[in-house]
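The values are calculated or read from the model by the stated rules, or taken from the named source; none is laboratory data. Quick caveat, the model's predicted, so the values are computed rather than measured. Virtual Cβ from ideal backbone geometry, glycine too; neighbours counted across all protein chains shown. Note: areas computed on protein heavy atoms with side chains; ligands, DNA, RNA excluded. Shrake-Rupley method; radii C 1.70, N 1.55, O 1.52, S 1.80 Å.
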Amino acid sequence: MDAMERISMLFAGWNDTLVKSCLQGCMGEAVAATDFSAARITVGDFCFFAGQPSVDLVREAPAPILVPHDDAWAAAIESVWQDQVKKDLRYAIRQEPADIFDCEKLAGYAADLPAGYYLKLFDRACYHQSMAQVWSQDFCALFAGPEDYLARGIGVGAYKDDLLVAGASSYAVYEGGIEIEIDTEPEFQGKGLASACGAQLILACLARNLTPTWDACDLRSVHLAEKLGYHMKGPYMVYFLR
């Protein structure tokens, strides 16, 4: 049994797509304690911990969002980081079959854009625009570069005057699916652009037989997910490094 197989055993039962992405060798990094009693998976801004709590793995966390497997890991995080972490909730969204989506309704959301705005699938120019603006970097940041993104990623941008102002993209990828990231440049919020981009991205994923999965950072994200056809599974606890 190799190292990744042993780490996979520690994460057995986790249904998080970022964990899945790493275990499948698509993205991220997995690190285990020397005796394989514990492991940490890091993908983008997230660290996931499983096995027996290890203060070393917690102390060396390279990302700001720490996701404990259980109360014992939560206690280890609080012990190591004390007032340098803030406890908060994220919201798991159910991973459901493709036929849960109402494609006609999604097409309506995608078409409901204010005058002067348009959508297009991410291409090389979209990639470079997203990476050049702080608010949109998470659309493509986990990919090695434009070639990697165009080969494995998928995204939809909302444009005004040829400027990317909102989008929905693959924050991460796993075998047969993506984890959705949706953002809007603050000055353009409240115009329905997130709904339009999210709807069009879901349709594009379904056309490619990709599963579009969603994890919500707050209740506003939950409401958008539910509008587009998803259902909330429930809240879970995370820690944010200050």
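If a/c stays under 1.5 just call it rounded; otherwise compare a/b with b/c (prolate if a/b is bigger, oblate if not). Do that for segment 1-145, with a ≥ b ≥ c from the square roots of the Cα gyration tensor eigenvalues. The shape class here is prolate.
For the chain, relative contact order (Cα pairs under 8 Å, six or more residues apart, normalised by length) works out to 24 percent. At full extension, Ala151 and Leu163 could sit 2.0 nm farther apart than now, given 0.36 nm per residue minus the alpha carbon distance. Calculated over the chain, the projected area of the Cα convex hull averaged across directions stands at 13.3 nm².
As an exercise, find the ratio Rg/Rh for segment 168-234 from alpha-carbon atoms, using the Kirkwood inverse-distance average for Rh. My calculation of the ratio gives 0.95. Surface composition of the chain: carbon plus sulfur atoms hold 50% of the accessible area, using a 1.4 angstrom probe and ignoring ligands, DNA and RNA.
Rounded to two decimals, the Cα radius of gyration of segment 93-140 over 2.2 N^0.38 Å is 1.53. Translational diffusion of segment 60-169, estimated by Stokes-Einstein from the Kirkwood radius over alpha carbon pairs at 37 °C in a medium of 0.692 mPa s, is 188 µm² per second. Compared with the direct C-alpha span, the chain from Lys233 to Ala111 gains 41.1 nm at full extension, assuming 0.36 nm per residue. Applying the Karplus parametrisation 6.51 cos²θ - 1.76 cosθ + 1.60 with θ = phi - 60° to the phi angles of segment 226-240, what ³J(HN,Hα) value in whole Hz is obtained for each residue in order, glycine and proline being reported as x? Per-residue couplings from phi come out as 5, 4, 8, x, 7, 9, 6, 8, x, x, 9, 8, 9, 10, 10 Hz. Taking only the C-alpha atoms of segment 104-242, the Rg (one decimal) and the largest Cα-Cα distance, Dmax (whole number), read 14.3, 43 Å. Put simply, the amide H of Glu185, placed in the peptide plane, has neighbours under 5 Å in Ala166, leaving out anything fewer than 5 places away on its chain. For segment 59-125, what class follows from the C-alpha gyration tensor (a ≥ b ≥ c being the square roots of its eigenvalues): rounded when a/c is under 1.5, otherwise prolate if a/b is larger than b/c, else oblate? Taking the square roots of the gyration eigenvalues as a ≥ b ≥ c, segment 59-125 is prolate. Computed from the C-alpha gyration tensor, the three semi-axes of the ellipsoid equivalent to segment 16-100 are 23, 17, 11 Å, from longest to shortest.
For segment 171-242, GluC sites (Glu not before Pro) meeting the loop criterion (DSSP other than H, G, I, E, B) and having at most 16 other Cβ atoms within 10 Å: Glu175.
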